[in-house]
Amino acid sequence: MLTIGEKSFQSHLLLGTGKYPNVDMQKQAVAVSETNILTFSVRRMDIYEPSQPNLLEKIDIQNYDLLPNTAGAYTAKEAVRTAKLANASGLCDMIKVEVIGDKKTLLPDPVETLKATEELLKEGFTVLPYTSDDVVLARKLEELGAHAIMPGASPIGSGQGIINPLNLSFIIEQSNVPIIVDAGIGSPKDAVYAMELGADGILLNTAVSGAADPVKMAEAMKLAVQTGRLGYEAGRIPIKRCATASSPQEGISV
Amino acid sequence: MSLLINGSTVQLPEHVSTVSDVILHFFTDRPVVIVEHNGEIIDKASHPTREVTDGDKLEFVHFVGGG
């Protein structure tokens with residue numbers, strides 16, 4: 001079980017809803033992923049296009065908890081406003097704080113992320129900040145009261161996977177709130193690796209929506225997250241420099 | 001009546017007087033429309049009673065795909 005704030009979830013996989021080839025494929029991918037939490041963005045409606053597709057029409061949102069993000073925000077103030085807009089839908093009280101500080105790498109602005117997290121916690125939100133893999137920043141976010149910490153594995157949408165497992169493992173070890181590895185996951189092995197490191201969850205989007213077969217990849221990611229979690233709980237063997245025979249060394253027939 | 005909606009100045013007919021009227025003017029049967037009226041985010045329950053007047057600023061947002 002993954003517990004965030006007051007709520008517990010069966011699935012450790014959180015799925016983004018952006019950039020699918022079409023809404024039907026998205027619906028199928030969401031279903032086979034067996035995720036409990038979907039992320040969304042908040043954007044202006046096009047008032048001149050009344051038939052614009054609305055994702056929520058295709059997905060039965062009663063079956064999911066919604067995690068809107070504050071993507072597009074470059075300051076704490078903008079992130080707080082977006083969070084309040086999302087909350088005004090009456091559909092969610094969780095928020096993924098995402099305050100970008102660099103347009104090229106899409107890495108988060110640590111100072112504004114801290115400010116936005118603090119403000120939204122005061123407002124009563126369940127706050128999940130997207131952060132870099134900075135160990136001290138993760139600790140400070142937890143000290144503020146963040147309900148989960150979401151360090152990036154590598155830049156958003158890059159598919160580079162886990163580029164700093166050491167930092168991730170430090171963050172996981174020190175934290176008393178869930179650590180959800182967010183951003184940069186490229187393939188199922190990355191999800192397995194992050195979960196084996198002891199992460200409590202994985203948030204991914206492009207790895208599924210951009211795959212050649214998003215529905216199949218959604219299933220692969222579901223299994224990868226489950227596999228990694230099981231492996232972590234089972235406790236892997238120590239790595240040794242030399243071989244150790246699996247078969248008995250005595251009683252060999254000559 | 002002239003309103004500033006999502007950054008565009010828009011002329012609306014006389015019978016439009018509330019936020020709900022404006023929503024219905026542009027969108028039919030929208031399940032989720034989040035509204036900011038003159039800088040104040042308002043909850044859905046107040047859409048039918050919230051009056052709009054000439055020169056008001058409205059933001060209509062909704063959820064779109066994102067990660």
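Every number in this text was worked out from the coordinates using simple rules, so none of it is lab data. These numbers come from a predicted model, not from an experiment. So basically every Cβ, Gly included, is an ideal-geometry build from the backbone, and we count neighbours across all protein chains shown.
Points worth noting:
- Condition check for A:ASN167 on (1) in contact with a strand residue (DSSP E or B) (Cβ under 8 Å, 6 or more places away or on another chain); (2) under 27 Å from A:LYS7 (Cβ atoms): one failure, at (2).
- Residue that is nearest to the chain's Cα centre (by Cα), among those in region A:16-55 that are of a type outside the set (Ser, Thr, Tyr) and closer than 17 Å to A:ARG229 by Cα: A:ASN36
- Within region A:220-227, at least one residue is within 13 Å of A:SER11 (Cβ to Cβ) and within 14 Å of another protein chain (Cβ to nearest Cβ).
- Test set (1) hydroxyl-bearing (Ser, Thr, Tyr); (2) crowded, with 16+ Cβ neighbours inside 10 Å; (3) within 20 Å of the chain's Cα centre (by Cα) - A:SER8 fails condition number: (2)
- A single entry from A:ALA71, A:ALA29 fulfils the requirement of being of a type in the set (Gly, Ala, Ser), more than 8 Å from every other protein chain (Cβ to nearest Cβ), farther than 30 Å from B:LEU12 by Cα and buried (at least 16 other Cβ atoms within 10 Å of the Cβ): A:ALA29.
- Any hit, region A:213-228, residues being more than 18 Å from A:ALA31 (Cα to Cα) and without any contact (Cβ under 8 Å) to a residue 60 or more places away in the chain: yes
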